[in-house]
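First the structure, in the form of C-alpha cells, and then the observations on it.
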C-alpha cells in the first residue's frame, strides 16, 4: 500500500492519544467526544453548550473547555468513565499534558480550513490563467 493510501485510511479513524490520570489512559477524538463534552458542561457547569460555543471557548483558551473536551475524549475511549470517576482520576499535576492532548486531539478532529481564492492581489508577474480558461468555456 502506498504512503498516500495509508494516510487516507488513517483519516477515516479518530485520533487516539494518551494522557496521565491515575495511570496513562487513552483519549479518543471523534463526534462522541464533543457530545460527552456538552454533557460535562450541562452537569458540571449547569450550562447548555453547543459545538460552536465549545470551539469558541477552546479558541479563547478557556480552561473549562479543556476539561470538558478532556472528559469527552476519555469517555469516548472508555465508556465506563463518568464525571465522578473523571474527577477522582484527574490530576492537576498533569495540566500541561492535558492541554497538549486536547490541542492535538482537536487539531486532528476539526476539518482542514478551506481557503478560497477570490482572485484579488494577484502577482502581476504571473499570467492570469483562469481568465484564459473561462474564455475557452
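Only the coordinates and a few stated rules stand behind these numbers; no lab work does. The shown structure was predicted, so the numbers you read here are calculated from the model rather than taken from an experiment. Every residue, glycine as well, gets a Cβ built from its backbone with ideal geometry; the counts of neighbours run over all protein chains shown.
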Simple label model, 7 Å out from Cα along Cβ direction - residue 35 to residue 104, nm: 2.6
Quick one: if you stick a label point 7 Å off each Cα along the C-beta vector at residue 18 and residue 96, how many nm between them? 1.9
Two-decimal Rg/Rh across the range 14-109, once Rg and the Kirkwood Rh are taken from alpha-carbon atoms: 0.91
